[in-house]
Amino acid sequence: MVRPRVEMSAPPILTPPRVAVTGLGGYARHHHLTLQRLEQAGLCRVVATCDPSLDKMLPASADLQLAARGVKTYPSFAAMIEGSAGAVDAVTIPTPIHEHAPMHRLAVERGLAVYLEKPPTLWWEELETMIDTDARASRATEVGFNFITEPARWALKVRLLAGEFGQLQAAAFAGRWPRPKTYFLRNDWAGKIFRPGAPVPLLDSCFGNAMGHYVQNLLHWAGPAPAGFATVLDVRASLYQAHAIEGPDTVFAEARTPEGVVLRFAATHACPPESEGHAEYLFCERAQLRYVTERECEIRWVDGRRETIDLRTQGDWQERNFRRFFDYLAGRHTAPVVSLRDCRPFVAWNDLVFAAAPGIAPFPPEVVDWHANNTIPAPRGLTDALRDFAETGRWPHENKNLSWAREPGRGHLSELPQTLAKIQALAMRLPELGGNISQPG
């Protein structure tokens, strides 16, 4: 099987690797719990962790038994890196997006292998800086996308490339992940286009962050090799918001690859709680595939045959990703599954979506219903519009029954260097919060 281009340039790390985890709360806790299980299996040893709210987080993390396991604790990332010099082989970084680049640089400068949670960054210039930093690393950084290591996914990609389903014409995703108001109030960057004082745009959204796993999945399906990821050229996008936030909570995006494959992404955080769900779609000459992570893949052949693949037996995705990372560190693989270089199409598509969109259209209050004690908005017609776009390519504005729909804007990969000015102009056109943004009655 073809592997990614970045190859390991250092001798294998002796097993089990000594690991430091950045943070104790939020997603870092998930890292700790998974690594604790792998530690019990003899596959790693957690030796250090840090948190800026250490005094508060240590009592809340009593179940991790950090002291009993010999895990040293530090009040900052820098203190952990310096204090554990020579005692750590790898560090995991499941922190806010804007912290990734400086933490990655410091870890690489200290000779540590890095497991960096997606997205590495959502700004293309910062990604290029991180790639330059990684060129000096002893081992290429692994970027953690949840479902990219699924065995069934890779087996289907091999079948796809072998021509069993015919030529791939389109790959699509539709996702509905309802989020309450508190989701966007939990920190100072959720739902933001720019973070005050930050040197680069943040561009947080369901496209680049919450459901970014599926963006990378689409690029993987369309990649020209088993381990390859597609490049995007032409982009169209329309952005909407029902929550009172700076950025979009609903995204319709389309891209075309150099090989002519169409990629479609439709997702929202504004939908009824009972509607939560997601699916990936592959449209090929001889078959259509509907892939629902951790559930099943249904293959419908043009000749009437049907095939179902059970996806519930692939194990825990975080544990699987860490096992693969440790195998890479031990020299059993020559490269990570997703390197920083492999994230170029992902970040470029994200940036072009924001630059191409003619604006962020607020859903009119009269079309929005509210759920969960007025905390989750749900524009009428949106759920069907998401599915319709993914399955047929019909944009919401082409449905005359959707009064809220707007025409998409266009962009091209060649325009990437001009995206900053376009995104700044987009931000200048944002509606006043509390004005025509939907609010519960």
Using the Cα centre as the reference, give the magnitude of the dipole from point charges on the C-beta atoms of the chain (Lys, Arg: +1; Asp, Glu: -1; all else neutral), rounded to the nearest 20 debye. 520 debye
Given a Förster radius of 51 Å and the C-beta distance between Asp369 and Glu82 as r, what FRET efficiency does 1/(1 + (r/R0)^6) yield to the nearest 0.05? 0.45
Taking the dipole of region 1-124 about the Cα centre (Lys, Arg +1; Asp, Glu -1; charges at Cβ), the one of Trp123, Pro12, Pro94 that reaches farthest to the positive side is Pro12
Per residue, how much accessible surface does region 153-282 expose to a 1.4 Å probe? Answer in Å², no decimals. 29 Å²
Region 267-303 to region 222-245: how many Å between their Cα centroids? 17 Å
What percent antiparallel are the DSSP beta bridges of the chain, to the nearest 5? 60 percent
Using a 1.4 Å probe on the protein heavy atoms, what percent of the accessible area of the chain belongs to carbon and sulfur? 51 percent
0 to 90° range, to nearest 10: angle between helix 317-329 axis and the chain longest Cα axis: 50 degrees
Per residue, how much accessible surface does region 38-128 expose to a 1.4 Å probe? Answer in Å², no decimals. 41 Å²
With Cβ to Cβ distances under 12 Å as the rule, what net charge do the other residues near Arg312 carry (K, R +1; D, E -1)? -4
Taking the Cα centre of region 129-176 as origin and charging only Cβ (+1 Lys, Arg; -1 Asp, Glu), how large is the dipole, in debye to the nearest 20? 120 debye
Which angle between 0 and 90 degrees, to the nearest 10, do you get for helix 27-40 versus the longest principal axis of the chain when only C-alpha atoms count? 50 degrees
When only Cα pairs under 8 Å and 6 or more residues apart are kept, what is the percent relative contact order across the chain? 19 percent
Rounded, prolate or oblate, given the Cα gyration tensor of region 204-337, with a/c below 1.5 counting as rounded? rounded
Can you tell which of Phe173, Leu160, Ala68 lies farthest toward the positive end of the dipole of region 55-195, using +1 and -1 charges on the Cβ of basic and acidic side chains (Lys, Arg; Asp, Glu)? Phe173
Heavy-atom SASA rank of Lys118, Lys72, Lys400, Lys181 (probe 1.4 Å, accessible area, largest first): Lys400, Lys72, Lys181, Lys118
Answer rounded, prolate or oblate for region 173-267, using the Cα gyration tensor with square roots of eigenvalues a ≥ b ≥ c: rounded when a/c is under 1.5, else prolate when a/b is larger than b/c, else oblate. prolate
The convex hull of the Cα atoms of region 1-103, divided by residue count, gives a volume in Å³ per residue of 141 Å³
Rounded, prolate or oblate: which fits region 317-441 when a ≥ b ≥ c are the square roots of the eigenvalues of the alpha-carbon gyration tensor, with rounded for a/c under 1.5 and prolate only if a/b beats b/c? prolate
Which value, in Å², gives the accessible area per residue of region 291-348 when a 1.4 Å probe is used on the protein heavy atoms? 46 Å²
Given points 7 Å out from each Cα along the Cα-Cβ axis, report the His30 to Leu185 separation in nanometres with one decimal. 2.4 nm
Based on DSSP H runs of at least 4 residues, each adding -39500 (n - 2.57), what is the mean residue ellipticity at 222 nm of the chain after dividing by all its residues, to the nearest 500 deg cm²/dmol? -8000 deg cm²/dmol
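The values are calculated or read from the model by the stated rules, or taken from the named source; none is laboratory data. Source: prediction; values computed, not measured. Cβ atoms come from the backbone with ideal geometry, glycine included; neighbour counts cover every protein chain shown. Surface areas here come from the heavy atoms of the whole protein model, side chains and all, with no ligands, DNA or RNA. Shrake-Rupley method; radii C 1.70, N 1.55, O 1.52, S 1.80 Å.
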